[in-house]
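Colleague: The structure that follows is given in the form of structure tokens.
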Amino acid sequence: MSLRDIRERYGVSFERGNRVMCGGRFGTVAGATDSHIRVKFDGRQISSPCDPLEVQAAPRATRLTPGSTASIPNAPSA
């Protein structure tokens, strides 16, 4: 199944390279296998299959200035 097939079947739209979150972990869409979206989680070298209904678009972070952590949720204060 392709990302297009998943979009038509499940009503969720992702493209290769999209930043996403699944199971509380951030990653990048790497493709599709069977009826799953393959996500390469941050810090991992191999992508993992994820249920399309559990994958969410990652929130967009605002641009950070050097030394600023204001837009990172739960970031430790300096």
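Computed from the coordinates by the stated procedures, all read-outs in this text should not be read as laboratory data. For clarity, every value in this text was computed on a predicted model and none was experimentally measured. So basically every Cβ, Gly included, is an ideal-geometry build from the backbone, and we count neighbours across all protein chains shown.
Colleague: Could you check Leu53 against (1) surrounded by 14 or more Cβ atoms within 10 Å (Cβ to Cβ); (2) of a type in the set (A, V, I, L, M, F, W, C); (3) in a loop (DSSP other than H, G, I, E, B) and say which number it fails?
Modeller: (1)
Colleague: Would you be able to tell me the number of residues in the range 21-41 that are surrounded by 16 or more Cβ atoms within 10 Å (Cβ to Cβ), hydrophobic (A, V, I, L, M, F, W, C) and within 8 Å of the chain's Cα centre (by Cα)?
Modeller: Selection size over the range 21-41: 5.
Colleague: Here's a check for you: in the range 1-36, which residue that is free of Cβ contacts under 8 Å to residues at least 40 places away in the same chain and β-branched (Val, Ile, Thr) is farthest from Pro59 (Cα to Cα)?
Modeller: Applying the filter and picking the extreme gives Thr33.
Colleague: On to the next question. State yes or no: is Val39 touching a helix residue (DSSP H, G or I) at 6+ places or on another chain (Cβ under 9 Å) and either in contact (Cβ under 8 Å) with a residue 12 or more places away in the chain or closer than 14 Å to Met1 by Cβ (or both)?
Modeller: no
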